[in-house]
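Visitor: I am attaching a structure below and will ask some questions about it afterwards.
No lab work stands behind these numbers, since they all come straight from the coordinates. As the structure is a computational prediction, the values presented were derived from the model and not from experiment. Glycine also receives a Cβ, built like all others from the backbone with ideal geometry; neighbour counts cover every protein chain displayed.
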Amino acid sequence: MKPDDSGSTRPRDLLEYEKRFWGRGRLVAGVDEAGRGPLAGPVVAAAVILPEGMHVEGADDSKQLSAVTREELYAVITSSALSYGIGAASVREIDQRNILRATTVAMQRALSRLPHADCAVVVDGLPVKWLEREHEAVVSGDALIHSIGCASIVAKVVRDRLMHRLSARHPGYGWERNMGYGTAEHRSAIEALGLTPHHRLTFTGLQYDLGI
């Protein structure tokens, strides 16, 4: 990976990482999560295996994508991927285990749904201590490794859809807009309406705001 003319360290070829394994006859599963930081809702992980040579145009910088574009790319990724898996950890699991372990559980569940058990695994961020799968970890991997970028889109779309459904059951918290994150609207709604079964009681900010 070399800097381009602008000084960026983004690879010129977004399949550069995958090609190292494809050249040895191995598949690559990119793994990412959505929802580690919100005050409400589960954490969701996705694992995506792309067929050799597949590039999804536009799926190289997921954090900059609009919701509409993510939905469009989700349809392309899930219909064209060699395989993909989705896993989640519930609010109860987050409260019981802590968010780091719950995220690991979600990733393990996503990987367990892949039919290719011997694939190489690459995860966005830092190494995952309890993953129980040999893996590499790449900081900002969703922008650097195409399989992770695709996984980040799948995880984000699945979780956003879930929060939209939950917002219909629990109106007033703005989950259809804030996806459970601790916005001013959400925090004000907690003070006015109280907690739902989908709130994470162990999150310090929530405990502080409610005095519990």
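Visitor: Provide the packing ranking of 109-122, 36-49, i.e. peptides ordered by the mean count of other C-beta atoms within 10 Å per residue, highest first.
Guide: Ranking, from highest mean packing down: 36-49, 109-122.
Visitor: For a protection proxy built on the mean count of beta-carbon atoms within 10 angstrom, sort 153-160, 84-91, 189-196 highest first, please.
Guide: Values: 153-160: 25.5, 84-91: 21.9, 189-196: 13.6.
Answer by packing, highest mean first, reads 153-160, 84-91, 189-196.
Visitor: Sequence-distant or interchain residues sharing an amide H contact under 5 Å with V121, placed H: which?
Guide: Answer set, sorted by chain and number: A29, E136.
Visitor: Nearest 500 deg cm²/dmol is fine: what mean residue ellipticity at 222 nm does the chain get from its DSSP H runs of n ≥ 4 alone, each adding -39,500 (n - 2.57), divided by its residue count? List each step's numbers first, then the result.
Guide: On the way: 9 runs with 91 residues, N = 212.
Dividing the helical sum by the residues of the chain leaves -12500 deg cm²/dmol.
Visitor: Hey, what do the phi angles of the range 157-168 turn into as Karplus ³J(HN,Hα) couplings, whole Hz, using 6.51/-1.76/1.60 and θ = phi - 60°, x for Gly and Pro?
Guide: 5, 4, 5, 4, 4, 5, 5, 4, 5, 5, 5, 5
Visitor: Placing +1 at every Lys and Arg Cβ and -1 at every Asp and Glu Cβ, with all other atoms neutral, what dipole size does the range 16-210 have around its Cα centre, in debye to the nearest 20? Show your work: numbers first, answer last.
Guide: Numbers: 22 positive and 23 negative charges, 112 e Å.
Here the size comes out at about 540 debye.
Visitor: Long-range amide H contacts for V43: which residues qualify at under 5 Å (H placed 1.01 Å from N, peptide plane, sequence gap of 5 or more or a different chain)?
Guide: For V43, the qualifying residues are A89.
Visitor: Same structure again: Can you give me the relative contact order of the range 95-144 as a percent, contacts being Cα pairs under 8 Å and 6 or more apart? Before the final figure, lay out each step's value.
Guide: Details: 40 pairs, mean separation 15.7, N = 50.
For the range 95-144, the relative contact order is 31 percent.
Visitor: What's the FRET efficiency of R24 with A192 using the Cβ-Cβ distance as r and R₀ = 41 Å, to the nearest 0.05?
Guide: Numbers: r = 58 Å, r/R0 = 1.40.
Once rounded, the FRET efficiency stands at 0.10.
Visitor: Also, I was wondering about something else. Nearest 5 percent is fine: what portion of the DSSP beta bridges confined to the chain is antiparallel?
Guide: Numbers: 14 of 21 bridges.
Here the share of antiparallel DSSP bridges comes out near 65 percent.
Visitor: Under the Karplus relation 6.51 cos²θ - 1.76 cosθ + 1.60, θ = phi - 60°, what is the ordered set of whole-Hz ³J(HN,Hα) values for the range 174-183, x standing for Gly and Pro?
Guide: Using θ = phi - 60°, the values come out as x, 5, 5, 10, 9, 6, x, 6, x, 6 Hz.
Visitor: Going toward the positive end of the dipole of the chain, with +1 on Lys and Arg Cβ and -1 on Asp and Glu Cβ, which of Q64, A45, Q108 do you reach last?
Guide: In the chain, that residue is Q108.
Visitor: Now for a separate question. Once Rh for the range 16-210 is found with the Kirkwood sum over Cα pairs, what is the Stokes-Einstein diffusion coefficient at 10 °C and 1.306 mPa s, in µm²/s?
Guide: 93
Visitor: So, one more: List the residues, sorted by chain then number, that are 5 or more residues from M179 or on another chain and whose placed amide H is less than 5 Å from its amide H.
Guide: none
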